[in-house]
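**Q** Take this structure first; my questions come after.
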Amino acid sequence: MKKFYQIAVDGPAGAGKSTIAKLLARKLGILYIDSGAMYRAVTYYLLKNGLMNKSENELKKHLKFINIFFVEKKGKQKVYLNKSDITSGIRSSIVNKNVSKVSAKKSVREEMVKRQKTLALNSSIIMDGRDIGTVVFKNADLKIYLTASSYVRALRRKKDLQRINENVKINDLVKQINDRDTYDSSRKISPLIKSHDAIVADTSNLSIYQVLNKICMFLPDELMGKN
């Protein structure tokens, strides 16, 4: 029976999780899933439909109508909510400000984790997020924890926002990131914590390829095509 591999990439916002995970998935030829995009998609849906203050029971009913899927187009992964491409929309400031609150809701977390686990049933996968190695894939073949200084992460976020024509002061972004770190690491459900068996890389002063090279040293030989 063929073995399917699971690689978990965790860390705070702006640490480089998605960038590294995408490149690693491409190098290995395996499925990549941005779990954060799933929570952002739910947040986008709730904001658009005025559902942010609904109870957990009411949210459960609405989650049934949220279909999130990923499509590769010209080498880039697009995020779809039902039939709409929301790739840019989920990176807006309003979603940034609300996604932590939404992802901390029990009903949302349970539903997304269930969907994430299902995605890994029939394929090797690399998934990034905040609780992948501690909740979603507790027995992952490789766990990676990326971090970086809040200032460096704010600079990266500023570039993301500029791509969708939003201009936010760097000091405001640093505060947002620090506030989100505190919120994510202290929430009761699936807090942001480093798994005890994760490889840690501070990406503040490393190039993308330096980070990739470090990670590749720990990959299973079978995934690297050595066997």
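The values are calculated or read from the model by the stated rules, or taken from the named source; none is laboratory data. Being a predicted model, the structure only gives us computed values, none of them experimental. All Cβ positions, even for glycine, are placed from backbone atoms using ideal geometry, and neighbour counts span all protein chains on display.
**Q** Quick test of your reading of the structure: residue 50 fulfils all but one of (1) out of contact with any helix residue (DSSP H, G or I) (no Cβ under 9 Å at 6 or more places or on another chain); (2) on the phi < 0 side of the Ramachandran plot. Name the failing condition by number.
**A** Going through (1) out of contact with any helix residue (DSSP H, G or I) (no Cβ under 9 Å at 6 or more places or on another chain); (2) on the phi < 0 side of the Ramachandran plot one by one, residue 50 breaks only (2).
**Q** Now a separate question. Hey, could you check segment 190-212 for residues that are over 17 Å from the mean Cα position of the chain (by Cα) and over 17 Å from residue 19 (Cβ atoms) and say which is surrounded by the fewest Cβ atoms within 10 Å (Cβ to Cβ)?
**A** Result: 196.
**Q** Looking at 5, 45 in this structure, which one is among the aromatic types (Phe, Trp, Tyr), surrounded by fewer than 24 Cβ atoms within 10 Å (Cβ to Cβ) and without any contact (Cβ under 8 Å) to a residue 40 or more places away in the chain?
**A** Checking each option against the conditions leaves just 45.
Each row is one residue, and each column tells you yes or no for (1) touching a helix residue (DSSP H, G or I) at 6+ places or on another chain (Cβ under 7 Å); (2) without any contact (Cβ under 8 Å) to a residue 12 or more places away in the chain; (3) at positive phi.
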| position | (1), (2), (3) |
| --- | --- |
| 67 | no, no, no |
| 82 | no, no, yes |
| 113 | yes, no, no |
| 118 | no, yes, no |
| 128 | yes, no, no |
| 131 | no, no, no |
| 146 | yes, no, no |
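**Q** Now for a different question. Can you tell me which of (1) at pLDDT 90 or above; (2) crowded, with 18+ Cβ neighbours inside 10 Å is the one residue 60 doesn't meet?
**A** With respect to (1) at pLDDT 90 or above; (2) crowded, with 18+ Cβ neighbours inside 10 Å, residue 60 is out only on (2).
**Q** Collect the residues in segment 68-111 that are among the polar types (S, T, N, Q), more than 23 Å from residue 176 (Cα to Cα) and touching a Leu at 6+ places or on another chain (Cβ under 7 Å), keeping them in residue-number order.
**A** 107
**Q** Would you check if residue 151 is within 17 Å of the chain's Cα centre (by Cα) and more than 22 Å from residue 69 (Cα to Cα)?
**A** no
**Q** So, one more: Sort out which residues of segment 169-227 are part of a helix (DSSP H, G or I) and among the β-branched types (Val, Ile, Thr), and write them in order of number.
**A** If the condition is that a residue be part of a helix (DSSP H, G or I) and among the β-branched types (Val, Ile, Thr), then 170, 174, 177, 182, 208, 211, 215 are the ones that fit.
**Q** Grab the strands (runs of 3 or more DSSP E) fully contained in segment 63-131, keeping just those with 1 or more residues being among the β-branched types (Val, Ile, Thr) and surrounded by fewer than 18 Cβ atoms within 10 Å (Cβ to Cβ).
**A** Qualifying strands (runs of 3 or more DSSP E): 68-73.
**Q** Further question on the same structure: Looking only at residues that are touching a Leu at 6+ places or on another chain (Cβ under 8 Å) and in contact (Cβ under 8 Å) with a residue 24 or more places away in the chain in segment 170-184, which one is surrounded by the most Cβ atoms within 10 Å (Cβ to Cβ)?
**A** 184
**Q** List the number of the failed condition for residue 4; all other conditions in (1) modelled with pLDDT of 90 or more; (2) among the aromatic types (Phe, Trp, Tyr); (3) in a loop (DSSP other than H, G, I, E, B) hold.
**A** The single condition residue 4 does not satisfy is (1).
**Q** For segment 20-38, how many residues meet the condition of being farther than 25 Å from residue 65 by Cα and among the β-branched types (Val, Ile, Thr)?
**A** Counting residues in segment 20-38 that are farther than 25 Å from residue 65 by Cα and among the β-branched types (Val, Ile, Thr) gives 2.
**Q** Being in contact with a strand residue (DSSP E or B) (Cβ under 8 Å, 6 or more places away or on another chain) and of a type in the set (S, T, N, Q) narrows it down to one of 93, 107, 55, 18, so name that one.
**A** That would be 18, the only listed residue that is in contact with a strand residue (DSSP E or B) (Cβ under 8 Å, 6 or more places away or on another chain) and of a type in the set (S, T, N, Q).
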